[in-house]
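The values are calculated or read from the model by the stated rules, or taken from the named source; none is laboratory data. Predicted model only: the values in this text are computed from it and were never measured. Cβ: placed from backbone, ideal geometry, glycine included. Neighbour counts: every protein chain shown.
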Amino acid sequence: MDSLKRLEKELKNCVKCGACRAHCPIFTAVGREPVSARGKIALARAALSGQLSLDAPTREVMSKCLLCGRCVEKCANDVPTDLIVLAAREALASKKGISLFHRLAGFLLRNRALLSGGASLASLFGPLLFRKVPATSGLRLRFPLPFIGSQRSFPKIAAKPFLARHPELIQGAPGRPRIVYFVGCMTNFLYPEIGEAAVTLLKSLGCTVIIPKNQHCCGFPALSGGDLDTFRELAERNLAALENHQADYIMTACASCGGAFHRMYPCILGERFPELAERFRALADKAVDASVLLQKLGLNPARSLVQLELETVTYHDPCHLRSRGIIRQPRELLRAVPGLSLVEMPKADSCCGLGGTFTVHHYGTSMSINAGKTAAIKSTGAQTVVTGCPGCMLQISDGLRQAGSRSRVQHTLEILARNLAK
Ligand code: SF4
Ligand code: SF4
């Protein structure tokens with residue numbers, strides 16, 4: 001309950017106006033007050049005052065949050081519902097125990113050699129585990145596994161994780177910025193092409209690129225299950241891995257990893273562990289999303305080295321970029337690419353429905369939220385959907401495949417790097 005107690009003042013700031021309700025994707029999908037942002041705050045207050053016990057129904061309600069931050073953006077009183085939900089999950093975990101899925105996830109995230117070994121095995125035995133989805137390039141499990149339904153489609157697991165592909169230091173031109181690249185698990189294991197694009201782009205700008213081998217998962221999956229010990233351990237390991245490189249910037253190309261650095265590390269860990277607060281603040285000051293950094297460094301996508309075919313693209317705003325105001329930069333970069341026509345989809349800034357581990361526990365709701373995104377994408381007729389988060393790429397690809405769409409999904413960096421390819 002300590003975690004909720006720390007947010008007592010913020011909980012009291014909720015005046016129950018309900019302005020957040022209409023913007024909550026879960027409320028829109030489920031239509032029940034308790035799962036809305038206002039409802040969850042009411043439950044957290046009741047739990048804190050002892051009127052409600054932290055039991056299975058409360059856990060169920062608190063699990064129904066995408067941590068998309070939309071309610072926080074819309075609240076005139078600055079009530080941090082995302083942090084309140086996470087505090088309630090932590091309180092539930094300490095009273096009822098961490099769920100089996102999150103215990104397993106936490107164990108693997110703390111033991112990266114095991115995680116890498118598991119990913120290599122899954123890549124090796126891919127054809128036994130997965131079948132190709134007809135007419136598209138996605139993969140589906142041949143049989144359901146715990147926590148993963150057979151309906152979900154996946155990209156291929158990388159035969160060689162991104163972190164094993166490059167030296168730790170790629171020396172750039174004298175006087176050019178030093179960039180530490182925080183890769184993130186999804187790029188490392190599922191979408192190494194995003195990492196390759198990042199390296200290509202930074203090298204084209206003459207930057208020195210540092211890819212610390214000892215970086216870890218940002219910890220978001222552990223945090224979302226209330227596993228604060230694992231979250232703290234991973235955050236501290238990342239501090240040790242990312243500091244001391246005399247970096248000008250620490251670049252992320254995953255919206256959620258960036259969200260962890262900018263919001264979760266300082267707001268959750270910095271508050272609780274004052275001895276770490278200054279280091280988290282320094283990390284947040286240097287951390288920057290790839291689209292913002294590339295603009296800052298003067299990337300000029302109009303200077304194309306290759307003849308590009310005409311292509312229509314549409315852009316999806318990841319929640320953890322939108323909530324940090326990173327909306328304009330990726331679009332400006334895309335609009336500057338010769339031959340590319342950017343068509344806006346309706347509600348480009350609405351959540352895709354992934355919500356990190358939310359999709360594991362609530363796949364049906366996750367995909368019902370995603371159905372709106374799929375329809376919006378299809379309405380543009382775009383050949384390619386572009387976004388700035390590997391998690392959104394996974395979810396949007398899944399929705400498009402299930403809807404029989406042939407549109408492909410790419411990261412902003414892939415589009416920009418293609419521009420430089422020989
Ligand atoms: S969280 Fe904010 S917007 Fe939502 S009901 Fe409370 S005060 Fe209103
Ligand atoms: S973070 Fe998103 S899903 Fe969670 S309560 Fe707020 S708006 Fe709803």
Q: Hey, could you check segment 321-351 for residues that are of a type in the set (Ser, Thr, Tyr) and within 30 Å of residue 22 (Cβ to Cβ) and say which is farthest from ligand 1 (Cβ to nearest atom)?
A: 350
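Using the structure shown, decide if residue 18 is farther than 25 Å from residue 1 by Cα and assigned to a loop (DSSP other than H, G, I, E, B).
Details: farther than 25 Å from residue 1 by Cα: yes; assigned to a loop (DSSP other than H, G, I, E, B): yes.
Answer is yes for this residue.
Let's see how each residue does on (1) within 13 Å of ligand 2 (Cβ to nearest atom); (2) free of Cβ contacts under 8 Å to residues at least 24 places away in the same chain; (3) not charged (D, E, K, R):
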position: 6; (1), (2), (3): no, no, no
position: 13; (1), (2), (3): no, no, yes
position: 16; (1), (2), (3): no, no, no
position: 30; (1), (2), (3): yes, no, yes
position: 42; (1), (2), (3): yes, no, yes
position: 112; (1), (2), (3): no, no, no
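Tell me the residue from 55, 2 that is away from ligand 1 (no atom under 15 Å from the Cβ) and closer than 24 Å to residue 271 by Cβ, please. Give the steps one after another, and end with the answer.
Details: 55 fails: closer than 24 Å to residue 271 by Cβ.
It is 2.
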Q) residue 81 fails exactly one of the following numbered conditions: (1) within 11 Å of ligand 1 (Cβ to nearest atom); (2) more than 24 Å from residue 50 (Cβ to Cβ); (3) crowded, with 24+ Cβ neighbours inside 10 Å. What is the number of that condition? A) (2)
Q: Sort through 111, 188 and tell me the only one that's closer than 28 Å to residue 290 by Cα and modelled with pLDDT of 95 or more.
A: 188
(Q) Being at pLDDT 95 or above, crowded, with 21+ Cβ neighbours inside 10 Å and within 10 Å of ligand 1 (Cβ to nearest atom): is that true of residue 71 here? (A) yes
